Amino acid sequence: MDARAEQFIDTGARSMALEQSYAAPNYAPIPVVLERGQGCWLWDAAGRRYLDFMSAYSAVSHGHAHPRLVRALVEQAQQLAVASRAYHSTTLGPFLAALVEAADLPAPARALPASGGCESVETAIKAARRWGYRVKRIAADRATIAVARGNFHGRSSTVIGFSTEPSYRADFGPFAPGFRHFDFGDIDSLAAAIDDNTCAVLLEPIQGEAGIIVPPSGYLAAVRRLCDERRVLLILDEIQSGLGRTGAMFAYMHESIRPDGVIVGKALGGGLLPVSAFVAVASVLDLMDPGSHGSTFGGNPLAGRVALEALRVIHDERLVERSRVLGEHLLMRLDDLASPLVRAVRGRGLWVGVDLDPKRVSARAVVERMAERGVLSKDTHETVIRFAPPLTVEREQLDWGIDVFADVLHEVSGTSARSRRPALSAPAA
Ligand SMILES: *Cc1c(COP(=O)(O)O)cnc(C)c1O
């Protein structure tokens, strides 16, 4: 091995050792040390190339280092990055106008920006409760929010308090009261969780971290009807499912309904910055008067500029349409695998989970083998492998990644998971 390659390998080993020594152990990363990204490709410290089938949980839906987004970032960083909401700025208005338009809620609607996604979940909880007290006239401190079992809405102490995942909760209590559970996808269960003190239903249209669980068709429309009948706000968490991931701008558009509020994050930052927002009808967000809520970095000029450009790129590059068309192809090819290791294939758009039989194979082992072969994915809930490439992915790249997956399944099972292309030569970057 030449000295240059050896030096790169050392960089990787040293980086891993430093992380292991100094980082809190709240993640168990796949042993790949990433150094560079461009489009759908990532490179590690030794210069090896990987196809990104993870997109940082949808945060990189535009692909890595999208030239338009990088240009917007650099230009705005040189002009004005952070000023605080103590003043107006030239980028916030255009950004929120475009976001509110994209969400297509009943007019008038408003948006409240923040940074990480969970912060906007917190905004939604606060705004919903305020609506409960001031509009629905729920008695003080009695408002409840109905949440689904298996939900994922982030990691704040309030939000994990209504998680049903033991590892997210263990020894982090006491938790905030005021949340009631229902079974995801079951409308009768939701009806039973709602009473006169319920101000909102908070729901992921497709449950991502739970393993990409798609509810029965018609479910969201039934939830909308129930919320109308019982005078309860419908708030959808589209932090992961939104901005084209499922083949619609927002997943609720598949069922032609409009929620009262939608939480947006991840891809809103164009893969460059944390940008999130709670978008809701004015009758809810106008209750958030001066002093009621805030965020130092929320809606800063840099975030506004990049997020506006991120929305424009989704439109100009027809990323929603790409996700729908390529997503159908992805689902069809994964359905076709016919491997005895596969229990189920679920998803919508470029967002598919393959549920593997844990008695036969560990999803983590499959993910690690895929990484060795140059495709980066991630297991969730021990058995599900996710396929969520940037929405800019080319069909040829998608096919190659699926071929590698099929090949790995074949290797670990020793059986007949079919791969359509016997010679697996990677497409050009
Ligand atoms: C990622 C995610 C969050 C939390 O967002 P952060 O940016 O990690 O705080 C909340 N809800 C859903 C559905 C998510 O996928």
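The values are calculated or read from the model by the stated rules, or taken from the named source; none is laboratory data. Since this is a predicted model, take the numbers as computed values, not measurements. Glycine gets a Cβ as well: all are built from the backbone with ideal geometry, and neighbour counts include every protein chain shown. The area values use the complete protein model at the heavy-atom level, side chains included, leaving out ligands, DNA and RNA. Shrake-Rupley method; radii C 1.70, N 1.55, O 1.52, S 1.80 Å.
Taking ARG245 as the residue in question, decide whether it is open to solvent by 10 Å² or more (accessible area, probe 1.4 Å) and either at pLDDT 95 or above or away from the ligand (no atom under 11 Å from the Cβ) (or both). So ARG245 fails the test.
Restricting the first member to segment 138-158 and to residues that are of a type in the set (S, T, N, Q), and the second to residues that are open to solvent by 60 Å² or more (accessible area, probe 1.4 Å), the beta-carbon pairs closer than 6 Å and six or more apart or on different chains are THR144/ARG180. Checking segment 234-241 against the condition returns no match, with no residue being outside any loop (DSSP other than H, G, I, E, B), away from the ligand (no atom under 16 Å from the Cβ), among the hydrophobic types (A, V, I, L, M, F, W, C) and at pLDDT 95 or above. Residues of segment 180-228 that are of a type in the set (Val, Ile, Thr) and within 19 Å of ARG245 (Cα to Cα): ILE206, ILE212, ILE213, VAL214.
Quick grid of which residues meet (1) in contact with a His (Cβ under 8 Å, 6 or more places away or on another chain); (2) free of Cβ contacts under 8 Å to residues at least 12 places away in the same chain:
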| position | (1), (2) |
| --- | --- |
| PHE175 | no, no |
| SER189 | no, yes |
| ASP195 | no, no |
| ILE206 | no, no |
| GLY211 | yes, no |
| TYR219 | no, no |
| CYS227 | no, no |
| ARG231 | no, no |
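For segment 80-101, the set of residues classified as open to solvent by less than 20 Å² (accessible area, probe 1.4 Å) and closer than 26 Å to LEU203 by Cβ consists of PHE95, LEU99, listed by residue number.
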